[in-house]
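Nothing in this text is a laboratory measurement; each read-out follows from the coordinates by a stated rule. Because the structure is a prediction, the values reported are computed rather than measured. Cβ: placed from backbone, ideal geometry, glycine included. Neighbour counts: every protein chain shown.
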Amino acid sequence: MNINRRQALGLSAGAVAFAATGFSALPALASAEDADKRIADFAGGKTPETGKLTLTAPEIAENGNTVPISVTVDSAMEGDDVVEEVMILADGNPNPDVATFHFSEASGAAAATTRMRLAKTQNVIAVARMKDGTTYVDKKEVKVTIGGCGG
Amino acid sequence: MATPKPRVKLPKSASAGEVITIKTLISHTMESGQRKDSEGKVIPRQIINKFSCEFNGATVFSCDIEPAISANPYFEFSARVKESGTFKFTWVDDDGSVYEDEQTIEVK
Amino acid sequence: MRHSLAIVGLGMMMAALQMPLTAQADPVDDALVIDDLEMVTRTKAPEGHPFDEVRSGWLYREAETRELEADSFQNPGMLYVEQGADIWNRIEGPEGKSCASCHNDAAVTMKGVGANYPKWDADAKRPINVELQIDKCRVENMGLEAYKFDHAEQKALTTYIKNQALGEPVKLDLSQGELQSWWDRGKELYYTRTGQLNFACASCHEANSGQYIRADHLSQGQANGFPTYRLKQADMVSLHNRFRGCIRDTRAEFPKAFSDELMALEVYVTWRGTGLSVETPSVRQ
């Protein structure tokens, strides 16, 4: 049997799978630096603290097109203890921006869930900004798998 | 694409001051602007770029949305309800279309 | 028995992509409950079946995907069920009829119906599935044209009708007309190797069921959840679309949707899931 041909098939199958995720056709992927810059702007130059903010994401995404993520900030959402915004970034997508949640006292809790696209295995990052300007960060690596023989 | 259709789920009633969970889903392809058609041309971006939820006229929760949000966008969040009233949900499309839904809640 | 070509071919793909090769993994032992209705996801196989137990593909998916199907609000497939309900009630065509004009409330008249397709179409002298039954109504009763394959409305209406059988066990009546001979033909196709990769349906879904093909956990390839909401397409995927996709993946020419080959395959593959609940719209990767 022709091993080279099979190797080539394997590679082309990978290429097909990659292009078919709908989110990776153009070459320029965001670098981690782009994400860092977004975080610096969001945090007003300060380094965000850890704790209080929890980002939940699967360790392995069955398909990068639909990855469930949740954020929760430990906050009373009353008086001075209010989360104003939580920004979600993905440091390996063509553009690191994913979404920004805006909360209010009427939210009752600083928690939100959505579903997002990941072009490849990468970090999903959440940054929260409190009313007093304090910021928190959490980060999870999500492995994006490539499906069967056709992707 | 058929006209996007919102779905919203929240309790019909709650006690005063209770924090309730609201789930929303809307049909939309969320064309990222990153894909090419069969002729190699980039398919222009068309996404829902903003979602918001108001209760009796005051904003409860809103979200700025980028193309990295999946097709048929789903948002789940909370609201603290102090009185009976009406939730209004709004999704804004890149083409300027606005999709809306309303749900009432009774606070006992 | 594992087929050497399949293993070599997949091994090359994995080596090329540096994906981990995971060995046999059992499907999860978990209950699928949708709106308080427990689905049959494991059941004793019918007589003459190669497996002892038939299993829903839901058991082979990751927790997040399983949860998405179990929540009938979050399941994006339910958007298409709602769209299908609108089409059901919409008057269309020169006869001024909707589906509901004849069939009234689908919750009553279509309850369980999707669990028993394909059936025998005595007029056409071939099997008929839900998509073709819709087309038959459109052409014969509504004065409309048949839907183009995988038209968005065809998928939505099929999803809606099959959803009326949610939880009902799949059961075909092979004594109808010549359905048994189509089952025989479908079985032959299921085991026929094809394409540059030289795979039969059975290569993945029987001989290697439970193994990983790159990162995909291979299920038994059951039809009970179709049309299915597939995360990859973020859209409904019809059974014949998936058949064609699988055959394409073997690097073979693939038959037309609703062709004799694929109708025979639908009869046989549906039978292989006898006793499983209809899960439409299921959620898969």
* Which GluC sites (Glu not before Pro) in the range C:131-187 pass both tests, a DSSP loop state and at most 16 other beta-carbon atoms within 10 Å? -> C:E145, C:E178
* To do: Ignore the peptide's own chain and count Cβ atoms of other chains within 10 Å of each Cβ in C:78-90; give me the average, rounded.
  => 2
* What nm distance separates the two modelled labels at A:K140 and C:T109, each placed 7 Å from Cα along Cα→Cβ? -> 4.6
* Asked: What residue among B:G40, B:N72, B:W91 has its Cα farthest toward the positive end of the dipole of the range B:5-107, where the charges are +1 on Lys, Arg and -1 on Asp, Glu, each on the Cβ?
  -> B:N72
* To do: Please order B:T59, B:T3 by the number of other Cβ within 10 Å, starting at the fewest.
  => B:T3, B:T59
* Peptide B:56-67: average number of partner chain Cβ atoms within 10 Å per residue? -> 6
* Asked: What is the gain in length, in nm to one decimal, between C:N198 and C:A100 on full extension, counting 0.36 nm per residue of separation less the C-alpha to C-alpha distance?
  -> 30.7 nm
* To do: May I ask you to derive the relative contact order of the range B:5-107, considering only C-alpha pairs under 8 Å and at least 6 residues apart, and to give it as an integer percent?
  => 33
* **Segment B:T21-B:S84, extension gain: residue separation times 0.36 nm, minus the distance between their alpha carbons** => 21.1 nm
* To do: Kindly state, to the nearest 0.05, the FRET efficiency for C:E188 paired with C:V33, given R0 = 30 Å and r defined as their beta-carbon distance.
  => 0.20
* Rg(Cα)/(2.2 N^0.38 Å) for chain C, N = residue count -> 1.00
* Asked: Among the GluC sites (Glu not before Pro) within the range B:4-108, which fall in a DSSP loop and have no more than 11 other Cβ atoms within 10 Å of their own Cβ?
  -> B:E39, B:E83
* Counting partner chain Cβ atoms within 10 Å of every residue's Cβ in A:96-102, what's the average? -> 6
* Asked: C:A124 versus B:D94, label points 7 Å from Cα toward the beta carbon: distance in nm?
  -> 3.9
* In debye, nearest 20: dipole of chain C around its Cα centre with unit charges on the Cβ of K, R (+) and D, E (-)? -> 840
* To do: Under a 10 Å cutoff between Cα atoms, tell me which one of C:T192, C:T159, C:T228 has the largest fluctuation in the Gaussian network model of chain C.
  => C:T192
* Where does chain C land at 222 nm, in deg cm²/dmol rounded to the nearest 500, when only DSSP H runs of n ≥ 4 count, each adding -39500 (n - 2.57), divided by all residues? -> -11000 deg cm²/dmol
* Asked: Going through the range C:74-113, which trypsin sites (Lys or Arg not before Pro) have at most 16 other Cβ atoms within 10 Å and a DSSP loop state?
  -> C:R90, C:K111
* Structure fact -> Length-normalised contact order of chain C, Cα under 8 Å, at least 6 apart, in percent, tallies to 28
* the range A:28-144: relative contact order as a whole-number percent, Cα under 8 Å and 6+ apart -> 35
* Among B:K23, B:K41, B:K82, whose mean-square fluctuation peaks in a Gaussian network model of chain B (Cα, cutoff 10 Å)? -> B:K41
* Asked: What's the longest bit of chain C with no exposed chymotrypsin sites (Phe, Trp or Tyr not before Pro), using DSSP loop states and at most 16 other Cβ atoms within 10 Å as the test?
  -> C:192-285
* Sticking with the crude label model, points 7 Å out along Cα→Cβ, report the distance from C:S259 to B:D64 in nm, one decimal please. => 5.1
